[in-house]
Every structure is written in structure tokens, then in C-alpha cells.
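Input: a single structure, listed below in C-alpha cells.
Coordinate-derived values only; no laboratory data. Remember, predicted model here, so these are calculated numbers, not experimental data. Ideal geometry is used to build each Cβ from the backbone, glycine not excepted, and the neighbour counts take in all protein chains shown.
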């Protein structure tokens with residue numbers, strides 16, 4: 001394939017746009033205490049079954065998958081992971097507790113995306129201020145997503161969010177990421 005000056009300019013602009021999208025992303029995989037994705041404070045104060053909800057949040061783009069892990073933190077005493085429950089149409093390899101969890105969404109989806117929930121049996125004996133972070137897989141240096149809008153689809157490094165088990169004023173959890181709608185014109189205007 002011969003690279004003409006026009007093709008070279010197009011390739012450079014594509015690479016530039018891709019790096020800007022990656023640099024400006026506010027995406028993350030994060031954990032919540034509720035299915036609505038509004039409360040990052042997980043309360044473990046009594047015996048029973050407790051769910052921790054996994055979300056892919058952000059303000060721009062459509063995505064078709066992610067890769068991360070969310071092992072139970074050592075400070076969460078008295079909790080036993082029972083399993084994961086993912087959206088029925090999603091395909092996945094691995095578990096939240098292993099070295100790598102790869103999730104393929106059913107299609108290119110706008111953010112936020114509810115990924116699924118982790119199920120724990122708890123005793124109510126958890127200490128206060130136990131951070132529960134989302135981590136990168138053991139195979140990559142960061143949490144990853146796959147972009148649907150930049151051909152060909154590309155892996156993009158994103159953030160790993162966190163929740164807090166038995167939050168108190170000395171250890172507030174991250175506030176939920178605000179979500180605003182966008183249009184393709186708005187995204188293109190970032191590069192003008």
C-alpha cells in the first residue's frame with residue numbers, strides 16, 4: 001500500500017483525535033451499593049447477603065466491553081464472595097475476584113452501562129473505612145474499555161473507581177460521576 005500525503009494526513013489526524021479522546025475521558029469502572037448507581041457507600045452492619053453493583057460510567061462515547069478485576073479487599077473482614085451475576089445478554093470470561101474479568105456488552109452501548117453485581121455473604125463484622133477499589137487485570141497496566149466509534153475498535157485505558165465499606169466522615173467515597181448527554185457534533189467540536 002502506497003502512503004500518499006493525503007493518507008498520511010488522515011492517519012495523523014485519526015491518531016491525534018484518538019489521543020485526545022483518551023486524554024479527555026472521564027470514564028471508569030466503579031462500584032456502588034445500589035442498582036441505580038448513586039451510592040458508593042456499602043454498608044456491612046448485619047448478617048446476610050449483600051450485593052455490590054458494577055458500572056461502566058462516563059460522559060461520552062459508546063462502548064462494547066471492558067476488562068478489570070474487583071477482588072474483595074483484605075480489610076473487608078467477615079465477607080465471603082459467593083459469585084457474580086452479569087447482564088444476561090453480556091458475554092464474560094473470568095470472575096470479578098480473579099486476575100482478569102473481560103466483559104463483552106451485547107452491542108455498542110452508551111454510558112453508563114450496568115455490568116452486573118457481585119454477591120457476598122456478610123457477617124456484619126466489617127471494619128469502618130474499608131476502601132473497595134476496581135483494579136486493572138493482572139495482564140494490563142490499567143482498566144480497559146473498547147471504543148465503538150474509532151475504527152477499528154481500540155482498547156482504551158480508563159480509570160478504576162472505588163466504593164467504601166462502612167464509610168464515615170473520615171473516609172468519604174467518591175461521588176457518582178455526573179452523566180450528561182452528548183452528540184457527535186459536540187464531540188467533533190472538541191477538535192476544532
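With neighbours defined as other Cβ atoms within 10 Å of a residue's Cβ, the residues 168, 34, 147 order from fewest to most as 168, 34, 147.
Among 105, 114, 32, the order by Cβ neighbours within 10 angstrom, fewest to most, reads 114, 105, 32. Among 72, 28, sorting on how many other beta-carbon atoms sit within 10 Å of each Cβ, with the fewest leading, yields 72, 28.
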